[in-house]
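Contents: one structure, followed by commentary.
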Amino acid sequence: MIRAAIIGLGAWGQNLVRNVPKTSPHLRFTAAATRTPSKAAGFAAEHGLRMLDDYGAALADPDVDAVVLATPHTQHTDQIVAAAAAGKHVFTEKPLGVNAAAAARAAQACADAGVTLSAGYNWRFQPALQRIRTLLADGTLGRLLHMEGNFCGPSAYRFPQGHWRHDRNEGPAGGMTGRGVHVVDAMLSLAGPIAQVTAQSFRLVQDFGMDDTTSMLFRFKGGATGYLGTVIATAETWRLQVFGSEGWAEVGDVEHLTTWDLKLCRIDRANIGVKQRPQVISFPKTSTECAELEHFAQAAATGRPLVLPGGDAVHNVQVLEAILESARTDAPVRLG
């Protein structure tokens, strides 16, 4: 059993705590540290969390095996490095950092210290996305050709001027850091590394805050292409569609924190001119937040690494950095 301290008890930190049942055999939240303890005192009492003075107190506590970071993006790297130095396993909300060097430093620190590091890309625990991986692996979809995704919503309107989520350092490339990195991670899990990025990013609606309209084209090292759009001044929507030489698979809706259905449409080679209707596949209900945290806890309990130097979580930040560079220069950017 991994005893974890939640660091940051805003809306998302509280959501993580709620999604791990007290009956979990793998992880239990036992402590918390947050910037404004008075705002979270009631929640902490309700969930049996010891309130700690600060992050340093969590790292020094012998009854804390791991820290779970639900903190602003620019704090992640230094907090991860500090956790590694203290010998604590660490689960961090995405991204590892807001630039490639920071993400690499975080991953390397945990590797050197022999502690388990995990990043909060909960989409990987969606049964529908796991099924798409199987459909690619067993040849049902044929050769992977192209992927299209979007992850949009009214995030730009949710926070007042001056809130950290409007800080362009915290949210480079607009909705990419809060939303788009999830789609990139899903694409990486299906297609492998990205070789080239072409991006554009603008603030079109408000006269303050981060960009609200960001889109990009990808070329994967394996040959497939991709498109991603993230607009944070519109209504909620998200989608990922995967095109293969034998058919396509698609997930998408308004709410993404639920168990997705999967649409699957295949070519009938014997009736190539007939337009096929997609099959809808449903899955048993699951909490991806619980799944990712229990996966982390099981790895931590056995000393198994998850996020590695040079792995997908680090590459995701390299992609984000390339998106920024491409948008700034109005030119494609190749990744090494």
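The values are calculated or read from the model by the stated rules, or taken from the named source; none is laboratory data. What you are looking at is a predicted structure, and each value in this text was computed from that prediction instead of being measured. Because the Cβ atoms are built from the backbone with ideal geometry, glycine has one as well, and the counts that use them run over all protein chains shown. The protein model used for the area step is the full one, side chains on, heavy atoms only, and it has no ligands, DNA or RNA in it. Shrake-Rupley method; radii C 1.70, N 1.55, O 1.52, S 1.80 Å.
Results, tabulated for the structure shown:
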read-out: Pick from region 117-158, criterion at pLDDT below 95 and of a type outside the set (Ser, Thr, Tyr), ranking: least open to solvent (accessible area, probe 1.4 Å); value: Ala156
read-out: Index of the failed condition, Thr329 passing every other in (1) open to solvent by 20 Å² or more (accessible area, probe 1.4 Å); (2) farther than 26 Å from Val90 by Cα; (3) in contact (Cβ under 8 Å) with a residue 12 or more places away in the chain; value: (3)
read-out: When residues of region 1-45 are limited to those that are of a type in the set (Val, Ile, Thr) and over 25 Å from Thr302 (Cα atoms), the one surrounded by the fewest Cβ atoms within 10 Å (Cβ to Cβ); value: Thr36
read-out: The lone exception for Met176 - which of (1) under 24 Å from Gly226 (Cα atoms); (2) at pLDDT below 95; (3) surrounded by fewer than 23 Cβ atoms within 10 Å (Cβ to Cβ) it fails; value: (3)
read-out: Hits in region 46-71 - residues which are crowded, with 19+ Cβ neighbours inside 10 Å and part of a loop (DSSP other than H, G, I, E, B); value: Leu49, Leu52, Asp61, Val64, Asp65, Ala70, Thr71
read-out: Selected residue (criterion: least open to solvent (accessible area, probe 1.4 Å)) from residues of region 103-112 that are of a type outside the set (Lys, Arg), closer than 16 Å to Leu69 by Cβ and over 17 Å from the mean Cα position of the chain (by Cα); value: Cys110
read-out: Failed criterion for Ala235 (all others in (1) modelled with pLDDT of 95 or more; (2) under 25 Å from Arg105 (Cα atoms); (3) open to solvent by 60 Å² or more (accessible area, probe 1.4 Å); (4) part of a loop (DSSP other than H, G, I, E, B) hold); value: (2)
read-out: Per-region count, region 119-164, residues under 21 Å from the mean Cα position of the chain (by Cα) and of a type in the set (Asp, Glu); value: 1
read-out: Verdict on Asp167 being closer than 29 Å to Thr71 by Cα, of a type in the set (Asp, Glu) and surrounded by fewer than 21 Cβ atoms within 10 Å (Cβ to Cβ); value: yes
read-out: Answer residue from region 218-232, given it is more than 21 Å from Thr134 (Cβ to Cβ) and under 19 Å from the mean Cα position of the chain (by Cα) and is most open to solvent (accessible area, probe 1.4 Å) among those; value: Tyr227
read-out: Long-range neighbours under 9 Å by Cβ, at least six apart or interchain, first residue within 22 Å of His163 (Cβ to Cβ) within region 61-74, second among the basic types (Lys, Arg); value: Thr71/Arg35; Pro72/Arg165; His73/Lys94
read-out: Residue that is nearest to Asn316 (Cα to Cα) [pool: residues in region 90-135 that are touching a Phe, Trp or Tyr at 6+ places or on another chain (Cβ under 7 Å) and outside any loop (DSSP other than H, G, I, E, B)]; value: Ser118
read-out: Evaluation of Val181 against (1) surrounded by 16 or more Cβ atoms within 10 Å (Cβ to Cβ); (2) modelled with pLDDT under 95; (3) assigned to a loop (DSSP other than H, G, I, E, B) (one fails), failing number; value: (3)
read-out: Qualifying positions in region 281-291 - polar (S, T, N, Q) and open to solvent by less than 70 Å² (accessible area, probe 1.4 Å); value: Thr286, Ser287, Thr288
read-out: Failed item in (1) modelled with pLDDT under 95; (2) assigned to a loop (DSSP other than H, G, I, E, B); (3) open to solvent by less than 50 Å² (accessible area, probe 1.4 Å), with Gly87 passing the rest; value: (1)
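Here's the yes/no breakdown for (1) surrounded by fewer than 16 Cβ atoms within 10 Å (Cβ to Cβ); (2) more than 18 Å from the chain's Cα centre (by Cα):
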| position | (1), (2) |
| --- | --- |
| Asp211 | no, yes |
| Val251 | no, no |
| Thr259 | yes, no |
| Leu264 | no, yes |
| Gln279 | yes, yes |
| Leu293 | no, no |
| Arg304 | yes, yes |
| Gln318 | no, no |
